[in-house]
Amino acid sequence: MAVQREHLFMVPGWDVSLHYVLMALALALTLYGVYRRFSMYGVKLIDLPSTLRGRLGLALRSEARLLRERYGGLMHTLMVAGLIALFVGTILVGLEHDLLMKVGQRILVGDAYLAFEFALDLAGLLFVVGVLMAIVRRVFFKPDRLENRGEDVAILLLLLYGGLSGFVMEGLRLASPAFSHQPWITASFVGYAFSRALLGLSVEDVYPYVWASHSLAMAIAIPLLVYSKLRHFPLFFLCPTYSLRELKAPFNLDEVLRGRKLDFKVGLESLDALSWGLRLSLDACVKCGRCQDACPAYRANKVLSPREVVRRLGGLMMAGGRGEAGSALREEEVWSCTTCGECVVTCPIFLNPMRYIIEARRHLVTNLGRVPTTALFNVMIMGNPYGLPRSEKRSWMKGLNVDYAKEGEEVEVLLWIGCAGAYDARAQRVVKALTSLLARLNVKFAVLGEEECCGELARRLGDEVLFQEVVKRNAELFKKYSFKALVTLCPHCYNSFKNDYPEFGVRLNVKSHVELMHELAASGRIKVGRALDAVVVYHDPCYLRNYNDVSSEPRGVLRAISGLKLVEAAKHFCCGGGGGGSWIEAEGVRMNVQRLEDLLEAKPDMIATACPYCIGMFEDALKSKGLEGKLEVKDVCEVLASALG
Amino acid sequence: MLNMVVGIKWVPDTADVRFDPVRGTLIREGVESIINPPDLNAIELALSLKEKYGGRVYVISMAPPAALKGLKMAVAMGADKAILLTDRRFAGADTLATSYALAAAIKKVGSYDIVIFGEETIDSATGHIGPEVGEMLGVPHVSYVKSVLNVDVASRVVELEREVEDGVEVLRSKLPVVISVGVGINSPRYPIPIRRLRAEVEADKYVETWSADTVGADSNRIGLQGSPTRVVKIIAAPMIERRREVHQHSREALSLLVRRLKEWEVL
């Protein structure tokens with residue numbers, strides 16, 4: 001007997017007919033589901049091609065994100081790799097049978113066929129192992145973050161059946177008299193093993209039924225790509241990504257005032273107000289719960305879980321989605337979010353759960369005026385969230401002894417002090433350290449005297465009107481002066497200037513102070529003289545790390561200091577201060593204390609960070625743990641300044 | 001149903017106002033204006049009464065057009081209508097002339113039940129307006145109101161809490177009544193951002209501008225002409241440096257404290 005693929009071997013005609021009927025049904029059901037869901041999301045077909053671009057690379061990055069977790073990642077990769085190989089194999093078989101053989105050609109012959117058999121058996125094995133791992137996890141480990149519904153296990157059992165029945169069929173084929181004594185059948189090493197167990201069976205009687213059941217399993221599995229959580233797979237390729245950096249404005253203040261029309265919706269007033277991609281995202285989520293594990297609010301027993309937010313809004317969409325979406329989320333939930341973005345950088349399919357919270361805030365604040373802190377009122381009236389007079393800032397800055405920006409005179413660096421730097425006693429010390437550092441390095445810099453809030457707080461808390469008013473005012477301010485770079489001390493100002501302002505035509509060369517220090521160190525302008533014998537743990541401000549990928553620069557600066565030993569916390573978590581967290585009274589377990597405990601595990605002598613909120617949150621946490629004065633929290637620039645002697 | 005009228009003033013933020021000792025005037029340059037802080041509490045009180053008893057809230061300010069910003073903010077907080085009482089002839093008014101003009105405007109509003117003012121303004125701090133307007137309208141007036149306990153709409157009686165030096169008085173008054181409230185009696189709500197836009201975009205719907213003629217004011221009783229008082233001179237009170245020392249609790253610290261208090265002639 002020739003070494004080649006025998007098509008539809010032992011498959012009677014009724015089986016083939018049944019197969020086509022089942023497949024037709026499955027396909028019809030699937031297409032109907034696709035139609036229903038696409039109209040539910042309100043997919044704009046014209047947007048789809050641009051969404052599909054670059055998806056293969058994204059898929060690889062997705063697997064990489066999954067593999068950050070060993071068990072869950074491996075399990076998924078095995079299933080995906082196996083499935084893809086099996087899919088390609090099936091396509092090849094179909095190609096040969098339905099196309100090539102009609103013109104008298106074959107590809108699955110000889111050694112190529114044996115290699116094909118080996119590869120496909122391996123793929124099937126990986127797939128089955130992956131599915132078994134998933135079943136073990138669902139049935140025995142049951143991680144807290146998973147919902148563990150019956151449906152989850154049922155789908156896995158179906159997949160397992162698909163895999164195993166495939167091997168049983170192969171085993172039966174190889175146990176049939178036509179093949180059982182061929183020496184080359186061992187290439188199909190799994191099927192061969194099965195065949196030895198099935199030898200005595202009257203294979204020809206059994207085979208058609210196993211074949212039919214395999215076909216049935218597939219006929220069920222295909223519509224499940226639409227009707228069950230397996231839809232995360234196709235939707236991953238269709239779902240637009242919503243970057244942390246991009247918070248599209250629901251309206252443009254200038255246009256509204258000019259056009260004198262209020263014909264727009266703001267925030268999560270209803271699900272209809274969301275873009276189709278954000279609606280589709282709700283359905284794409286597979287509820288893996290990785291976002292929940294990464295959420296600092298969830299860890300601190302707050303009512304918030306990003307997975308829950310997506311699940312509930314998704315449920316609302318399925319139930320018709322016309323009702324007020326705001327009611328699906330509790331205010332307490334919405335205000336527990338620190339906008340750290342960890343859920344976004346963790347999601348293996350690149351969804352943005354935080355975005356729904358921001359949209360809910362926009363609805364609560366912009367439409368209803370419900371904001372849990374007076375900080376925004378202060379920004380509106382006093383120009384800073386502290387509610388302190390403008391004159392106080394000016395008088396403090398006078399004492400700084402630095403140059404003020406002058407119109408028509410260019411400076412290398414325009415230093416944006418920010419509200420914390422101007423009003424918070426601790427942050428003022430950071431400003432002093434940085435300004436004296438810059439003065440010593442002969443960097444030509446100036447400060448502004450008349451700046452007010454950057455608006456970041458207003459935007460993250462959901463007041464889009466106030467935010468855009470602030471942007472307009474600051475745009476005028478920046479027009480007055482010329483500078484090579486705007487340098488910020490606060491990652492929140494930094495992110496706002498860098499990522500929020502361009503939407504309103506304000507494009508600046510913005511640098512965080514750690515980037516500036518890193519540049520100065522790299523160019524040799526900073527000569528680190530004194531050794532600093534200390535074990536320092538660096539805490540990443542979320543608005544540098546998660547929003548702007550600035551995490552190697554501050555570490556680089558710290559490493560340049562001789563004697564300094566840089567250590568790391570096991571995992572990144574937010575200090576709890578972002579997204580208004582510093583301004584909203586928290587009850588119960590506090591995120592800053594938990595984060596401090598993470599950092600203490602690294603046994604540091606000092607905590608270094610690069611954000612006034614983080615510093616404030618950790619100093620508070622140190623107080624509540626009775627460690628005040630025992631451990632210092634310093635900005636990277638303060639650490640550097642002390643090493644310059 | 002209750003109709004409330006709230007009088008507000010758009011004032012320079014005095015925390016930022018400095019004094020020019022040479023010229024004897026206030027330096028207002030570059031100083032932002034704000035709603036007089038207790039007036040925010042007055043607006044809040046009116047809005048919460050509206051929520052409880054129904055009715056309408058009118059906000060009124062006698063000022064140059066710059067005060068529109070403050071009136072719109074009041075609309076954003078929830079006021080139904082804002083009235084800008086503006087006329088060159090109002091200029092130079094003291095509290096008497098101001099109260100006269102405000103009373104005329106309130107009469108024009110018509111059926112008012114509770115008129116609310118902030119206790120005093122941060123830029124002149126007289127505390128006159130509430131009582132004077134009450135007198136001019138010929139209705140009861142109560143100052144230093146801490147809260148409105150109850151309004152019996154049917155029998156038109158209001159029960160108020162009034163803060164006095166050694167406690168709280170509970171008063172009952174007939175409606176209409178003029179009250180004034182101090183800063184901090186409640187937490188003013190956040191002006192609803194979308195309503196701020198609405199007040200801007202659909203200003204005609206929310207804001208009316210009235211002149212002396214609109215309210216039928218006697219031109220001898222308004223502005224400089226109607227003001228018997230004059231500002232002769234402004235003197236800056238010398239700043240006294242406040243010092244603070246922090247010591248650990250100890251016998252030495254206590255005796256130091258006693259010594260200091262004696263030095264400062266407190267003891």
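Numbers below:
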read-out	value
Taking only Cα atoms of chain B, radius of gyration then Dmax in Å	21.5, 72
Shielding by partners - mean other protein chain Cβ count within 10 Å, residues of A:388-396	3
Chain A, helix-only ellipticity at 222 nm - DSSP H runs n ≥ 4, -39,500 (n - 2.57), divided by all residues, nearest 500	-16500 deg cm²/dmol
Computed accessible area, A:LEU95, all protein chains, 1.4 angstrom probe, square angstrom	70
Gain upon complete extension [A:ASP263, A:ASN301; 0.36 nm per residue less C-alpha separation]	9.7 nm
Equivalent-ellipsoid semi-axes of the range A:447-513, from the Cα gyration tensor, Å, largest first	18, 13, 11
Residue-normalised accessible area of the range A:375-521, given per residue in Å² at a 1.4 Å probe	34
Difference of contour (0.36 nm per residue) and Cα-Cα distance, A:ASN442 to A:ALA2	150.1 nm
Interface burial for B against A (accessible surface, 1.4 Å probe, total of both chains, Å², rounded to 100)	2100
About the Cα centre, charge dipole magnitude for chain B (Lys/Arg +1, Asp/Glu -1 at Cβ), debye	280
Segments A:621-631, A:290-300 sorted - mean Cβ within 10 Å per residue, highest first	A:290-300, A:621-631
Contour minus Cα-Cα distance for A:PHE237 and A:ASP598 (0.36 nm per residue)	126.3 nm
Computed magnitude of the charge dipole of chain A (debye, nearest 20; Cβ of K, R +1, Cβ of D, E -1)	800
Whole-Å distance, taken between Cα centres, linking the range B:194-267 and the range A:170-206	97
Shielded residues, the range B:184-231 - accessible-area loss of 50 Å² or more between chain alone and all protein chains, probe 1.4 Å	B:TYR190, B:PRO193, B:ILE194, B:ARG196, B:LEU197, B:VAL201
Contact order relative to length of the range A:524-644, as percent, for alpha carbon pairs under 8 angstrom and 6 or more apart	34
Chain B: relative contact order in percent, alpha carbon pairs under 8 Å with at least 6 residues between	24
Förster radius 51 Å - calculated FRET efficiency between A:LEU92 and A:ARG590, Cβ distance, rounded to 0.05	0.30
0 to 90° range, to nearest 10: angle between helix B:95-109 axis and chain B longest Cα axis	40
Sites matching GluC sites (Glu not before Pro) across the range B:196-245 that sit in DSSP coil, with at most 10 neighbouring C-beta atoms within 10 Å	B:GLU241, B:GLU245
Mean projection area, nm², convex hull over Cα of the range A:9-126	11.4
Cα-Cα pairs of the range A:524-644 separated by more than 26 Å (percent)	18
11 Å cut-off, amide nitrogen to a point 7 angstrom out along B:GLU202 Cα→Cβ, residues in the range A:238-271	A:261-263
Distance (nanometres) between label positions extended 7 Å along Cα→Cβ at B:LEU149 and A:GLU63	7.6
Computed label-point distance, nm, for sites A:ARG55 and A:VAL103 using a 7 Å Cα→Cβ extension	2.9
Span-like helix ranges in chain A, DSSP H, alpha carbon extent 27 angstrom or more, Kyte mean at least -0.5	A:13-41, A:70-95, A:110-136, A:150-175, A:203-227
Net charge over other residues, Cβ less than 14 angstrom from the Cβ of A:ALA521 (K, R count +1; D, E count -1)	+3
Centroid-to-centroid separation of the range B:119-185 and the range A:35-77 [C-alpha atoms, Å]	64
Per-residue mean of C-beta atoms belonging to partner chains within 10 Å, peptide A:260-269	2
Accessible area of chain A belonging to carbon and sulfur atoms, whole % at 1.4 Å probe	59
Modelled FRET efficiency - R0 35 Å, A:TYR209 with A:TYR71, Cβ distances, 0.05 increments	0.45
R0 of 51 Å, Cβ-Cβ distance A:LEU132-B:ASP80: FRET efficiency to nearest 0.05	0.15
Residues in the range A:603-645 reached by a label modelled at A:VAL567 [backbone nitrogen below 12 Å; 7 Å Cα→Cβ]	A:603-607
Largest to smallest principal axis extent of the C-alpha atoms in the protein assembly as shown, angstrom	123, 74, 58
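The values are calculated or read from the model by the stated rules, or taken from the named source; none is laboratory data. This one's a predicted model, so the numbers in the text were calculated from it and none came from an experiment. Because the Cβ atoms are built from the backbone with ideal geometry, glycine has one as well, and the counts that use them run over all protein chains shown. The accessibility values were calculated without ligands, DNA or RNA, using every heavy atom of the protein model including side chains. Shrake-Rupley method; radii C 1.70, N 1.55, O 1.52, S 1.80 Å.
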